[in-house]
Amino acid sequence: MFDPTVFDNLKVIVEGTVYDAEVDKQIKILDREDHVNIANMSRMFRISFQLHDSEALITEDKTKPVAAVKLHSGLNDFYMESKIEAEKATEKNNNILSFPKPTTENGYGCTFTVSFSIEKKLSSSDLQKQYILQYEPLLETISTSWDEKTSYDATFSYDALERCWKSGYTFTVHVPHKIGENQMDLLYDAFVRTQETLQMLEEHMENEAAN
């Protein structure tokens, strides 16, 4: 047996929250990644999902907004965590008053990001600039809603088989500080906000299609 790290404990919280939401038919999980990079001794967990929809259960709609929640911890996080835990064990064995449970202020924990992706077919390359401008106000709305640093990427490609232009948009919310076990409530709140943002993106696309 091994003592679970902060990364392990937070991953369990994320997994449990997302799986419970799928059981309750609030969302549909699309993909799950759990990586260990032995080159730099880092770990990454990522799970993507979309709001529950009867049609999406039959065939995945590429234009339906998708959210992805990601946790990441690096070598320094694991080193600092093991170092502090070793110091606490030494103090306990020496019958010394132990200091409070460490927080992310000690320099370790997990980075936490949430990304939202949209794919859409365009009838002409002339629509690219117009379509970008339509999503700039949406980026501002997401940034205000999350009150965190938000980045925005747009990509365009031409599908020769389908003979159409395709666009991809990704909004990524970056929590500027590392989170630890004493901030588990942040994960629950972030998941609720993620569902709200997905709903907002879907409504935006429905209104766009109606116009």
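The values are calculated or read from the model by the stated rules, or taken from the named source; none is laboratory data. If you're wondering where the values come from, they're calculated on a predicted model, not measured in any experiment. Ideal geometry is used to build each Cβ from the backbone, glycine not excepted, and the neighbour counts take in all protein chains shown.
Numbers at a glance
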quantity: Meets criteria (surrounded by 10 or more Cβ atoms within 10 Å (Cβ to Cβ) and at pLDDT below 75) for residue 135; calculated: yes
quantity: Looking only at region 173-211, and only at residues there that are surrounded by fewer than 18 Cβ atoms within 10 Å (Cβ to Cβ) and not in a helix (DSSP H, G or I), the one that is modelled with the highest pLDDT; calculated: 174
quantity: Region 15-33, residues that are in contact (Cβ under 8 Å) with a residue 24 or more places away in the chain, part of a helix (DSSP H, G or I) and either of a type in the set (Gly, Ala, Ser) or within 17 Å of residue 196 (Cα to Cα) (or both); calculated: 17, 18, 21, 22
quantity: Among (1) at pLDDT below 65; (2) out of contact with any strand residue (DSSP E or B) (no Cβ under 9 Å at 6 or more places or on another chain); (3) surrounded by fewer than 17 Cβ atoms within 10 Å (Cβ to Cβ) - the single one residue 102 does not satisfy; calculated: (3)
quantity: Some residue of region 147-159 being out of contact with any Asp or Glu (no Cβ under 9 Å at 6 or more places or on another chain), at pLDDT below 65 and not acidic (Asp, Glu); calculated: no
quantity: Of all residues in region 35-65 being among the β-branched types (Val, Ile, Thr) and outside any loop (DSSP other than H, G, I, E, B), the one that is modelled with the lowest pLDDT; calculated: 58
